[in-house]
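A.B. asks: Just passing along the structure, written as structure tokens.
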Amino acid sequence: MADRDTDAGGPTDESHGARLWEILDDYECWPGRRLVDDDGAAAAWILAQRAVFDPGLQRRCLEMLEIAVACGDAPPAHYALLLDRVRMADGKDQVYGSQFVRSKDGDSVVPWPIEDAAQVDVRRERVGLTPLAEQAREMRAQYQRRVTR
């Protein structure tokens, strides 16, 4: 399974979110590589990323992911991408520049504001993400494909 959520799927439904809450409560840790192998860890991360209906779940996942990353049980990129999503939902600048929104004219997408944007590629490299310019090109291309269908 890919480390990035690149398919066209939508938000996680509430039943998936409820199951992720149960897993977090039952095991009291992130369902990382040691517990569920790489595929299971990636699936849990996708559920967390898509759980936009439950900010509390996303924050809980973020806390547990931070610990899992520190222990080598989850990819740093998973933490970085979820951190940006949570910060954006809270109206804060993102750290890694992974979240994009429609441009004012609606013709493209642009990154949500980034904290210390001059250093974003340094931070991205540390967690295994591609440079922001590369992701921006990819996001704009995906957006164009979706609006021209």
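Values in this text are rule-based calculations from the coordinates and carry no lab data. What you see is a predicted model, and the numbers here were worked out from it, not measured in a lab. Don't worry about glycine lacking a Cβ; one is built from the backbone with ideal geometry, like all the others, and counts go over all protein chains shown.
A.B. asks: Among 122, 110, what is the fewest-to-most ranking by other Cβ atoms within 10 Å?
C.D. replies: Going from sparsest to densest Cβ surroundings: 122, 110.
A.B. asks: Okay, moving on. How large is the dipole of the chain about the Cα centre if only Lys and Arg carry +1 and Asp and Glu carry -1, each at its Cβ, rounded to the nearest 20 debye?
C.D. replies: Approximately 620 debye in magnitude.
A.B. asks: If you line up the long axis of helix 55-70 against the longest principal axis of the chain, both from Cα atoms, how many degrees apart are they, to the nearest 10?
C.D. replies: The two axes meet at around 80 degrees.
A.B. asks: Now for a different question. Per DSSP H run of n ≥ 4, the term is -39500 (n - 2.57); total these for the chain, divide by its residue number, and report the mean residue ellipticity at 222 nm rounded to 500 deg cm²/dmol.
C.D. replies: That calculation yields -18500 deg cm²/dmol at 222 nm.
A.B. asks: Right, next: What is the order of 116, 38, fewest Cβ neighbours within 10 Å to most?
C.D. replies: If I rank by nearby Cβ atoms, fewest first, I get 116, 38.
A.B. asks: Let me ask you something else. With a point put 7 Å past each Cα toward its Cβ, work out how far residue 118 is from residue 140 in nm, to one decimal.
C.D. replies: Between residue 118 and residue 140, the simple spin-label model gives 2.4 nm.
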